[in-house]
Structure formats: structure tokens, C-alpha cells
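Engineer: First, the structure itself, so that you have it in front of you.
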Amino acid sequence: MNNSLRGAARLTGAGIRALLVLTLVCGVLYPLVVTGIAQAAFHHNANGSKITVDGRVVGSEHLGQTFDLDRTDRDGNPLPDPRWFQPRPSAAGTNSLNTRYDLVVSGASNLAADSEELLAAVRERRKRVAAFNGVDPGRVPVDAVTASASGIDPDISPAYAELQVARVARANGLPEDEVARLVQDHTDGRLLGFLGEPHVNVLKLNIALRELARG
């Protein structure tokens with residue numbers, strides 16, 4: 001009986017010591033080392049890739065955001081501001097469980113490619129985008145009418161950015177060729193020359209547009 005108690009006590013002590021050691025290594029030392037490396041080598045990314053304008057954080061280069069007017073249409077949908085380049089549509093929603101904060105929840109619609117609901121939404125978006133930019137619906141690129149998997153994609157295709165140039169220039173009273181040059185200057189190519197597709201960061205483009213409009 002005494003041997004059994006001593007064995008149990010020894011195992012319990014060993015378990016407690018292992019718990020303390022693993023807590024120290026995995027819960028304290030490892031996070032500190034990883035955080036230190038991230039802050040030293042990737043400071044900008046580790047702190048949210050924030051973009052600051054005039055000393056104020058206006059967003060993150062990796063998180064998409066809307067550029068809407070302060071009013072809605074008859075159905076209660078926000079109206080896009082014609083002065084700014086617009087991002088992709090988003091299927092992201094808001095957090096309905098935490099009532100203290102109005103948080104955007106990243107996510108997609110999860111609708112299949114042959115979903116009638118998705119096809120109807122795409123057709124409606126194509127009409128709205130074409131009318132908003134004053135172009136033929138056939139010119140509207142796919143990323144202008146489909147949401148990303150995350151719902152917070154910060155980038156659009158060069159084709160979608162170029163589609164918006166005339167409308168943005170007109171709304172801001174700017175020469176169209178200067179706005180088109182902004183798009184060219186803010187078009188990033190494929191990563192390492194072969195990964196992904198050329199893209200335009202909407203927030204960075206709109207910041208440059210703001211500076212151009214200021215004169």
C-alpha cells in the first residue's frame with residue numbers, strides 16, 4: 001500500500017514538474033522568442049501593416065475597407081463614393097454575438113459556382129458597377145462582381161482599377177491621364193515574377209489620389 005502511495009506521489013510530482021517546465025518553455029520563452037524575432041525582422045508586418053497618413057492610422061495594407069458615402073439607397077445599402085476607387089464586393093458580415101463591439105467577421109458566401117443566388121448577385125453587381133462607372137457591362141472584370149474568400153481582400157485587378165479611372169477623375173476634377181498614371185504606379189506585379197496576379201492595393205491608391213487631388 002505504501003509503495004502504491006509513494007509511486008502515485010512520484011508520478012504526480014513528475015507530472016507537475018513537466019507541466020511547469022512545458023508552461024515555461026511553450027507559454028513564456030517560445031512566445032517571447034518568436035515575438036522578439038518578429039519585431040526585429042518584420043516590425044511593420046508584426047504590428048498589423050498599418051498605414052499612417054498625417055500622423056493618423058487610416059488602415060492596414062492587408063485589410064480591405066469600404067469607401068462609401070454617408071447615406072444609403074432605398075434598400076438601406078451604403079452608396080459608394082464616386083470620388084474614390086472602390087474595392088471588391090464583400091460577403092463578410094458583422095459579429096452578432098458580441099454586442100459590445102460592431103466587428104466585421106471575415107468570410108465568404110460559400111455559394112457554389114452554379115448557385116442561382118450567386119449568379120443573380122453577380123448579374124446585379126455587374127449592372128451596378130457598369131452604371132456607376134458609365135461603361136458597358138461587358139467591360140466589368142470578374143473581381144468587380146465576386147467577393148474574395150476572406151471578404152477583406154485589399155487588392156483589385158489592374159483591369160478593375162482602370163475601369164474606374166474616368167469616373168474618379170471626373171468626380172475629383174482631375175485630368176484622366178494623371179489618374180491613369182496613378183493606377184500604373186500602384187500596380188504590383190506577380191510575386192517573384194510568377195506567383196499570383198498583378199494587383200492594385202485600393203487603400204494605397206486612394207491615399208495617392210488624395211494627395212493628387214490636394215494639388
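Engineer: What residue, among those in the range 23-61 that are part of a helix (DSSP H, G or I), touching a helix residue (DSSP H, G or I) at 6+ places or on another chain (Cβ under 8 Å) and not polar (S, T, N, Q), is modelled with the highest pLDDT?
Structural biologist: The selected residue is 38.
Engineer: May I pose another question? From the list 28, 53, 34, 21, which one is out of contact with any strand residue (DSSP E or B) (no Cβ under 6 Å at 6 or more places or on another chain) and touching a residue at least 12 places away in the same chain (Cβ under 8 Å)?
Structural biologist: Unique residue meeting the criteria: 53.
Listed here are the residues, each with its yes/no results for (1) touching a Cys at 6+ places or on another chain (Cβ under 7 Å); (2) touching a residue at least 60 places away in the same chain (Cβ under 8 Å); (3) not in a helix (DSSP H, G or I).
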| residue | (1), (2), (3) |
| --- | --- |
| 149 | no, no, yes |
| 152 | no, yes, yes |
| 159 | no, no, no |
| 162 | no, no, no |
| 168 | no, yes, no |
| 171 | no, yes, no |
| 174 | no, no, yes |
| 180 | no, no, no |
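Engineer: Taking the stated definitions as given, is residue 75 under 23 Å from residue 162 (Cα atoms) and either basic (Lys, Arg) or surrounded by fewer than 17 Cβ atoms within 10 Å (Cβ to Cβ) (or both)?
Structural biologist: Values: under 23 Å from residue 162 (Cα atoms): no; either basic (Lys, Arg) or surrounded by fewer than 17 Cβ atoms within 10 Å (Cβ to Cβ) (or both): yes.
For residue 75, the condition - under 23 Å from residue 162 (Cα atoms) and either basic (Lys, Arg) or surrounded by fewer than 17 Cβ atoms within 10 Å (Cβ to Cβ) (or both) - is not met.
Engineer: Further, regarding this structure: Which of (1) basic (Lys, Arg); (2) surrounded by fewer than 13 Cβ atoms within 10 Å (Cβ to Cβ); (3) part of a loop (DSSP other than H, G, I, E, B) does residue 10 not meet, given it meets every other one?
Structural biologist: Exception for residue 10: condition (3).
Engineer: Right, something else. Which residue is modelled with the lowest pLDDT, if the candidates are limited to the range 79-92 and must be surrounded by 13 or more Cβ atoms within 10 Å (Cβ to Cβ) and farther than 14 Å from residue 125 by Cβ? Spell out how you get there, then give the answer.
Structural biologist: Taking the range 79-92 first, the residues surrounded by 13 or more Cβ atoms within 10 Å (Cβ to Cβ) are 80-92.
Filter once more, keeping what is farther than 14 Å from residue 125 by Cβ: 81-85, 92.
On the way: 81: 96, 82: 97, 83: 97, 84: 98, 85: 98, 92: 75.
Among those residues, the one meeting the criterion is 92.
Engineer: Among the residues of the range 139-168, which ones are small (Gly, Ala, Ser) and at pLDDT 95 or above?
Structural biologist: Just the residues of the range 139-168 that are small (Gly, Ala, Ser), to begin with: 144, 147-151, 157, 159, 161, 166.
144, 157, 159, 161, 166 - these are the residues of the range 139-168 that are small (Gly, Ala, Ser) and at pLDDT 95 or above.
Engineer: Test residue 121 against the stated conditions and say whether it is in a helix (DSSP H, G or I) and either in contact with a helix residue (DSSP H, G or I) (Cβ under 6 Å, 6 or more places away or on another chain) or modelled with pLDDT of 95 or more (or both).
Structural biologist: No; evaluated as a whole, the condition is false for this residue.
Engineer: I'm checking my understanding of the structure. Among residues of the range 62-74 that are outside any strand (DSSP E or B) and in contact with an Asp or Glu (Cβ under 6 Å, 6 or more places away or on another chain), which one is nearest to residue 129 (Cα to Cα)?
Structural biologist: Per the criteria, the residue is 67.
Engineer: Okay, next question. Residue 179 - would you say it is in the same structural domain as residue 58 (by TED's automatic domain parsing), over 16 Å from the mean Cα position of the chain (by Cα) and either buried (at least 18 other Cβ atoms within 10 Å of the Cβ) or charged (D, E, K, R) (or both)?
Structural biologist: Values: in the same structural domain as residue 58 (by TED's automatic domain parsing): yes; over 16 Å from the mean Cα position of the chain (by Cα): yes; either buried (at least 18 other Cβ atoms within 10 Å of the Cβ) or charged (D, E, K, R) (or both): yes.
Yes.
Engineer: When you go through (1) over 14 Å from residue 84 (Cα atoms); (2) touching a strand residue (DSSP E or B) at 6+ places or on another chain (Cβ under 9 Å); (3) of a type in the set (Phe, Trp, Tyr) one by one for residue 194, which number turns out not to apply?
Structural biologist: Status for residue 194: all satisfied but (2).
The values are calculated or read from the model by the stated rules, or taken from the named source; none is laboratory data. Worth saying up front: this structure is predicted, and the values here are computed from it rather than measured. FYI the Cβ positions are ideal-geometry reconstructions off the backbone, even for glycines, and counts take in every protein chain you see.
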